[in-house]
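Taking it in order: structure first as structure tokens, then the write-up.
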Amino acid sequence: MGNKLSYKKYINSSEFYLLLVDVILVVFLSIYTRGNFLELTNLRSLVVGYSALGIMAAGVLVVIISGGIDISFMAIATIAQYAMAQYMLHLGGNFVIIILVAVVTGVALGCINALLVNRIKAPTLIITLATMSIFDGILLWATKGVKLFGFPEWFAVKTPASIVAIPIGFLVLVFLLTWYILKFTKMGRKIYAIGGNIEAARRMGVNILKVQLFVYAYVGAIAALGAIVQCYLIQQVALNDLVGNEMDVIAMVVLGGVALSGGKGTVSGTVLGMLLVAIMSNGLTLIGVSSYYQDLVIGSVILVSFCSSGWKMLQNAKKANIGGKLEDGQG
Amino acid sequence: MKMDKVKKVIAKNSDNSMLLLMLVVCTALVSLIKPGFFSFATVQSVAYQIPEMGLLTVAMAITMLVGGINLSVIASANLSGIIMALIMTRYIPEGTDNIPLVLVAVLAGVLVSVAAGALNGLIIAHFKIPDMLATLGTQLLFSGICLAITRGETISGYPDSFKFIGNETIGGIPTAIYIFVLALLFLVILLRNMPYGPRVHLYGSNKVASMFSGVNDKALIVKTYAISGLFVGLAAVILTSRFNAAAEGYASSYLMQTILIAVLGGVNPNGGHGKVSGIVLGVLIFQVVGSGLNILRLNSHLTTAIYGVILLLAVTARMLRTEK
């Protein structure tokens, strides 16, 4: 994966450091907990706890590469969850149908985001913040906060194998799809292009609206897939299960070495970033750190990692001597 | 003759005259819905809410002036509140009062926010991390610190002299209003009469030009975020006093509202443009609309959705005006 980096280049990349940190963490936790970390039950709880967020990270990666941000994806995921749960409870259906219901919901809401982002030339953060509160507000009002559960047999069946297989299956499929799109399709290259320099992309003849529609619809669709996995694992749909975890997902992606201003980023980096967040929080619980301190530890790690990747980018710009300062100024 | 003068003033302040018009229309609408709206009691209850919202909005808006955003305002306000609460509850026995110690607590709380703001600025300026990500990260850090200190509990029970700030009046006007007005005066002087003002506007509208004109952009950003922190700290004093409690996760709904008011008040989220008077008008409009929705007994969730729609409209209007 990644570009055709030579071995030496890879050693110097931030992705390699991330890999190193991941490996060191796993080895440390395995030794410190005398193998408890590697036990099946723990690995299972790791998967159950982080697969949904991990899936969504793939969508967030795409939108950050395109030079934007979407923080409404958790609200979209929750709406998709309610849509599919209502469908299951009232009409039954099967796995394929509920995936369709959820994904179509996600795509529709994502398209709303895309149109607004395209029309209003304001920071995407502010636009998706607005749509987030619109989606959230309407959902809360419409559902009155009720939880949904008691799904049909075919959805409620959980075996030790399926608890791991379904989330991992979705995760792998979503990441492979994202990798393929980013690397081998025209759309993928256009996403990088508008993230690097939207004006240049426009003059090159890229249809910006089309790319934005694809990007935000993709985030919506991927969020919906994450929502399905989440719903399957906990067998209930509630308002606060997903909303509020936006930052965790964004952190996973940014940890994975996405260029913070768009135009760069790889799927493999995001996978490593996702693993880091998941292993870190699981590990903190495992070695007995009180949950009250976990946010503090994770927050510090994320900040330090932001700073170090920012620092590295600056050093590289200096080394290349291409007037990094000027370029920064235009961002 | 007189009309010409009025027209000139309107043309010069077209943003603000629009806002003033909006304020009048909104107030008229709300008064129509509920004839008794303009009673002394409602005006006073609105007046109690203006300072905290206004200070937080200024904290947000000043970072928007340099083309940034500060998503850590609420987390940092909570951290300040918790520090103040800790000092007061630990060193002042319940039921007694100790004004010097209360002042120390307030000072410590404000300093914590200023330091938090400066930290934001340092990270953004020296590591070239986008404001949004840096402040999202510090938001996580600050609320992590809050949680570690309080272990999820609420700290309450303050001396009367502290409660006075957020809950009492001087000459019929809430004490907090005086703090708000003084802070605004400070801001106006800073933006109008100090070299800081033009630099902020220049940097916000054209970073490259600002660099070539010799502005020290790193110092400017650190300063801006530290000032943002100062306003957060003042807001924290009022919030903590009014709630009579401090905890992690308080007032989290305010974050979107401060962005909304700032944009509504004419601050360009892409930087460079914004007026203190506009922000004040924005706060007033927001409070009137808020009380109007409250009077209509509208479901609070729908209110959130409506605020989202208003934010979209405000941002669209702002962008249309800038394009002209």
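The values are calculated or read from the model by the stated rules, or taken from the named source; none is laboratory data. Remember, it's a predicted structure, so these values are computed and weren't measured experimentally. Here Cβ is always computed from backbone atoms with ideal geometry, including for glycine, and neighbour counts include all displayed protein chains. Keep in mind that these areas ignore ligands, DNA and RNA; they rest on the heavy atoms of the full protein, side chains included. Shrake-Rupley method; radii C 1.70, N 1.55, O 1.52, S 1.80 Å.
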TODO: Considering only A:294, A:212, A:81, give the residue with the highest GNM mean-square fluctuation for chain A, with springs between Cα atoms whenever their separation is below 10 Å.
DONE: A:294
Open item on the list: Taking the alpha-carbon distance from residue A:318 and a cut-off under 17 Å, which aspartates and glutamates remain once sequence neighbours fewer than 8 residues away in the same chain are dropped?
Closed with: A:327, A:328
TODO: Could you tell me whether the protein assembly as shown comes out rounded, prolate or oblate from its Cα gyration tensor? Rule is a ≥ b ≥ c as square roots of the eigenvalues, rounded for a/c under 1.5, then prolate if a/b exceeds b/c, otherwise oblate.
DONE: rounded
Open item on the list: Please identify the DSSP H helices in chain B that span no less than 30 Å along the helix axis (Cα) and have a mean Kyte-Doolittle hydropathy of -1.0 or more.
Closed with: B:40-65, B:99-127, B:217-243, B:300-323
TODO: Report the label-to-label distance for residue A:308 and residue B:163 in nanometres (one decimal), using points 7 Å from each Cα along the Cα→Cβ vector.
DONE: 5.0 nm
Task: Interface area, B with A, accessible, probe 1.4 Å, both sides summed, Å² nearest 100 - done: 3900 Å²
Task: Shape call, the stretch B:127-223: gyration tensor on alpha carbons, a/c limit 1.5 - done: oblate
TODO: Springs between alpha-carbon atoms under 10 Å, Gaussian network over chain B: tell me which of B:109, B:166, B:157 tops the mean-square fluctuations.
DONE: B:157
Open item on the list: If the elastic network links every pair of Cα atoms under 10 Å, which of A:142, A:114, A:130 fluctuates the most in the Gaussian network model of chain A?
Closed with: A:142
TODO: Using a 10 Å cut-off on Cβ to Cβ distances, tally the other chain neighbours for every residue of A:114-126 and report the average as a whole number.
DONE: 5
Task: Average partner coverage of B:257-267, which counts Cβ from other chains inside 10 Å - done: 1
- [ ] Round to a whole angstrom and tell me the spacing of the C-alpha centers of the stretch B:252-324 and the stretch B:70-137.
- [x] 26 Å
Open item on the list: If you count only protein heavy atoms with a 1.4 Å probe, what accessible area per residue comes out for chain A, rounded to a whole Å²?
Closed with: 45 Å²
- [ ] Would you mind giving the mean number of other chain beta-carbons within 10 Å of the Cβ of each residue in A:303-310, as a whole number?
- [x] 5
TODO: Classify chain A as rounded, prolate or oblate from the Cα gyration tensor: take a ≥ b ≥ c as the square roots of its eigenvalues, call it rounded if a/c is under 1.5, otherwise prolate when a/b beats b/c and oblate if not.
DONE: oblate
- [ ] Provide the per-residue ³J(HN,Hα) series for the stretch A:115-123, in order, calculated from phi with Karplus coefficients 6.51, -1.76, 1.60 and θ = phi - 60°, each as a whole number of Hz, with x at glycine and proline positions.
- [x] 4, 5, 4, 5, 7, 8, 7, 10, x
Task: Heavy-atom SASA rank of A:292, B:91, A:218, A:192 (probe 1.4 Å, accessible area, largest first) - done: B:91, A:292, A:192, A:218
- [ ] Kindly flag which residue pairs out of A:121/A:264; A:183/A:319; A:158/A:186; A:264/B:218 have an alpha-carbon separation exceeding 32 Å in this structure.
- [x] A:158/A:186
Open item on the list: Testing the spin-label approximation: label points 7 Å from Cα along Cα→Cβ at residue B:104 and residue A:203. State their distance in nm.
Closed with: 6.3 nm
TODO: Would you please give the residues with an amide H less than 5 Å from that of residue B:169, counting only those at least 5 places away or on a separate chain, with H modeled from the backbone geometry?
DONE: B:175
- [ ] Specify the inter-centroid distance of the stretch A:220-258 and the stretch A:60-110, based on alpha-carbon positions, in whole Å.
- [x] 11 Å
TODO: May I ask you to give the solvent-accessible area per residue for the stretch B:104-235, in square angstrom, as obtained with a 1.4 angstrom probe?
DONE: 41 Å²
Open item on the list: Please list A:120, A:31, A:99 from largest to smallest accessible area, probe radius 1.4 Å, with all protein chains kept in place.
Closed with: A:31, A:99, A:120
- [ ] Give a residue-ordered list of calculated ³J(HN,Hα) values for the stretch A:213-228 (Karplus: 6.51 cos²θ - 1.76 cosθ + 1.60, θ = phi - 60°; whole Hz; x for Gly, Pro).
- [x] 4, 4, 4, 6, 5, 5, 4, x, 5, 5, 4, 5, 5, x, 5, 4
Task: Residue-span extension gain [residue A:48 to residue A:240] - 0.36 nm each, minus C-alpha spacing - done: 67.4 nm
- [ ] Report which residues of the stretch B:280-314 become buried by 10 Å² or more of accessible surface when going from the isolated chain to the complete set of protein chains (1.4 Å probe; DNA, RNA and ligands ignored).
- [x] B:299, B:301, B:302, B:304, B:305, B:308, B:309, B:311, B:312
Open item on the list: In whole percent, and with a 1.4 Å probe on the protein chains, what portion of the accessible area of the protein assembly as shown is carbon and sulfur?
Closed with: 66 percent
Open item on the list: If DNA, RNA and ligands are ignored and the probe is 1.4 Å, what is the ranking of A:132, A:313, A:84 by accessible area, most exposed first?
Closed with: A:313, A:132, A:84
